[in-house]
Amino acid sequence: MSRTRYVIGNWKMNGTRVGAQALARAVAAAVAASGRASPRVVLCPPATLLAMVAAETGEGRVALGGQDCHARPSGAFTGDVSAEMLAEAGCRYVIVGHSERRTLHSEDDATVRAKAEAAHRAGLVAVVCVGESLAEREAGRTSEVLARQVDLSVPGGSGAGDTLVAYEPVWAIGTGRVATPAQVAEAHAGIRARLGARIAGGAGISLLYGGSVKPDNAAELQALADVDGALVGGASLDAAQFLAIVAASPG
Ligand code: 13P
């Protein structure tokens, strides 16, 4: 069975109403007009913009995702958003374990796994992020770090229907320094093997690459054997750039 292809836009903490509405509207219109059923296109705006983006994308081909969720369904967790809340707001997806959460909010693998499990309980697809730091890569520890993150962050019962894994080398995020095709291919092959060995449905899980994906590198990266799509940060804030990355998916 062939794996599902995705292009996911992670807007991070960017966007206020007017610009974001125009961006969501342009993406939704172009994806609808393209007539292509693949890749699946997902927008992950900040929580404040979920309702507005949901109104723009409607029941169309562009799906909605959150950028993070809490592991618990409700409670005294000031500032947090639960997976259930995201589902109610119209989300089908949620990113968990992004390196900015792991680093800036001290989230460890167990926390990420708990969040992915919460996403599954709420009926959401968890987009679990993994990736090595520059120091880890330079120390020759990339495959070991990725194996540990996959083992400890991806819930054991995961499958293609409820989980994606995004490989985002920390040193390539927001730096303009994209991993080489050889580096991406090696990392993805390792993640694919690890998922397949550990989880019954693991080999069918779609693997996305993220880290300075731009229109000029999107075709080459998305054509790699174990790359099923892209998780896009900065370029997802520009409709033309994001849509060029969508168009570069082999579909
Ligand atoms: P950039 O595309 O800005 O490097 O960000 C990648 C990312 O972190 C997506 O989640």
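The values are calculated or read from the model by the stated rules, or taken from the named source; none is laboratory data. Keep in mind that what you see is a predicted model, and the values were worked out from it rather than measured. Cβ sites come from the backbone with ideal geometry, for glycine too, and all protein chains shown count toward neighbours.
So which residues in segment 12-48 are crowded, with 22+ Cβ neighbours inside 10 Å, in contact with a helix residue (DSSP H, G or I) (Cβ under 7 Å, 6 or more places away or on another chain) and not β-branched (Val, Ile, Thr)?
Those that are crowded, with 22+ Cβ neighbours inside 10 Å, in contact with a helix residue (DSSP H, G or I) (Cβ under 7 Å, 6 or more places away or on another chain) and not β-branched (Val, Ile, Thr): Leu23, Ala24, Pro39, Leu43, Pro45.
Give me the pairs: first residue in segment 210-225 and under 14 Å from His188 (Cα atoms), second residue assigned to a loop (DSSP other than H, G, I, E, B) and near the ligand (Cβ under 8 Å from one of its atoms), beta-carbon distance under 6 Å, and six or more apart or on different chains, which are they?
Gly210/Glu168; Gly211/Glu168; Gly211/Ile173
Go through (1) closer than 14 Å to Gly123 by Cα; (2) within 16 Å of the ligand (Cβ to nearest atom) one by one and return the number of the condition Pro45 breaks.
(1)
Report, ordered by the first and then the second residue, all pairs with beta carbons closer than 7 Å, sequence separation of six or more or different chains, a first member in segment 75-103 that is within 16 Å of the ligand (Cβ to nearest atom), and a second member that is at pLDDT below 95 and among the charged types (D, E, K, R).
Taking only residues 6 or more apart or on different chains, not a single pair turns up.
Could you tell me which of the residues Ser249, Ser236 is polar (S, T, N, Q), crowded, with 19+ Cβ neighbours inside 10 Å and closer than 19 Å to Arg3 by Cβ?
On the way: Ser236 fails: closer than 19 Å to Arg3 by Cβ.
Selected residue: Ser249, the only one of Ser249, Ser236 that is polar (S, T, N, Q), crowded, with 19+ Cβ neighbours inside 10 Å and closer than 19 Å to Arg3 by Cβ.
Which one is nearest to the ligand (Cβ to nearest atom), of the residues in segment 194-216 that are in contact with an Asp or Glu (Cβ under 9 Å, 6 or more places away or on another chain) and not in a loop (DSSP other than H, G, I, E, B)? Give the derivation first.
Going residue by residue through segment 194-216, those that are in contact with an Asp or Glu (Cβ under 9 Å, 6 or more places away or on another chain) are 194, 198, 205-211.
Checking the rest, the ones that are also not in a loop (DSSP other than H, G, I, E, B) come to 194, 198, 206-210.
Working: Arg194: 21, Arg198: 24, Ser206: 15, Leu207: 14, Leu208: 9, Tyr209: 9, Gly210: 4 Å.
Filtering first and then ranking leaves Gly210.
Is one or more of the residues making up segment 218-237 at pLDDT 95 or above, within 15 Å of the ligand (Cβ to nearest atom), in a loop (DSSP other than H, G, I, E, B) and of a type in the set (D, E, K, R)?
No, segment 218-237 contains no residue that is at pLDDT 95 or above, within 15 Å of the ligand (Cβ to nearest atom), in a loop (DSSP other than H, G, I, E, B) and of a type in the set (D, E, K, R).
Please name all residue pairs, on different chains or six or more residues apart, with Cβ atoms under 7 Å, provided the first residue is in segment 171-191 and is more than 15 Å from Glu132 (Cα to Cα) and the second residue is among the hydroxyl-bearing types (Ser, Thr, Tyr) and part of a loop (DSSP other than H, G, I, E, B).
Pairs found: Gly176/Ser212.
Would you say Ala244 is more than 16 Å from the ligand (Cβ to nearest atom) and not aromatic (Phe, Trp, Tyr)? First the steps, then the outcome.
Values: more than 16 Å from the ligand (Cβ to nearest atom): no; not aromatic (Phe, Trp, Tyr): yes.
No.
Restricting the search to segment 17-39, which residues are farther than 16 Å from Asp228 by Cα and either within 16 Å of the ligand (Cβ to nearest atom) or without any contact (Cβ under 8 Å) to a residue 24 or more places away in the chain (or both)?
Matches in segment 17-39: Val18, Gly19, Leu23, Val27, Ala29, Ala33, Gly35.
So in segment 66-108, with the set limited to residues that are in a helix (DSSP H, G or I) and in contact with a Cys (Cβ under 7 Å, 6 or more places away or on another chain), which one is farthest from His120 (Cα to Cα)? Lay out the reasoning, then the answer.
The initial filter retains those residues of segment 66-108 that are in a helix (DSSP H, G or I), namely 83-88, 99-104.
After this cut, where a residue has to be in contact with a Cys (Cβ under 7 Å, 6 or more places away or on another chain) as well, the list is 83, 86, 99.
Working: Ala83: 8, Leu86: 12, Ser99: 21 Å.
Among those that are in a helix (DSSP H, G or I) and in contact with a Cys (Cβ under 7 Å, 6 or more places away or on another chain), it is Ser99.
Condition first: in contact (Cβ under 8 Å) with a residue 40 or more places away in the chain and assigned to a loop (DSSP other than H, G, I, E, B). Now tell me which residues in segment 1-16 satisfy that.
Residues of segment 1-16 that are in contact (Cβ under 8 Å) with a residue 40 or more places away in the chain, as a first pass: 1, 3-12, 14-15.
The answer is Met1, Arg3, Thr4, Arg5, Trp11, Lys12, Asn14, Gly15.
Here is a list: Gly156, Gly174. Which entry is away from the ligand (no atom under 15 Å from the Cβ) and outside any helix (DSSP H, G or I)?
Checking each option against the conditions leaves just Gly156.
Based on what the data block shows, is Ser38 among the polar types (S, T, N, Q) and farther than 23 Å from Ala122 by Cα?
So Ser38 passes the test.
Right, Pro155: surrounded by 15 or more Cβ atoms within 10 Å (Cβ to Cβ) and closer than 14 Å to Ile191 by Cβ or not?
Working: surrounded by 15 or more Cβ atoms within 10 Å (Cβ to Cβ): yes; closer than 14 Å to Ile191 by Cβ: no.
For Pro155, the condition - surrounded by 15 or more Cβ atoms within 10 Å (Cβ to Cβ) and closer than 14 Å to Ile191 by Cβ - is not met.
Only one of (1) within 30 Å of Glu84 (Cβ to Cβ); (2) modelled with pLDDT under 95 is not met by Gly174, so which one is it?
The one condition Gly174 does not meet is (1).
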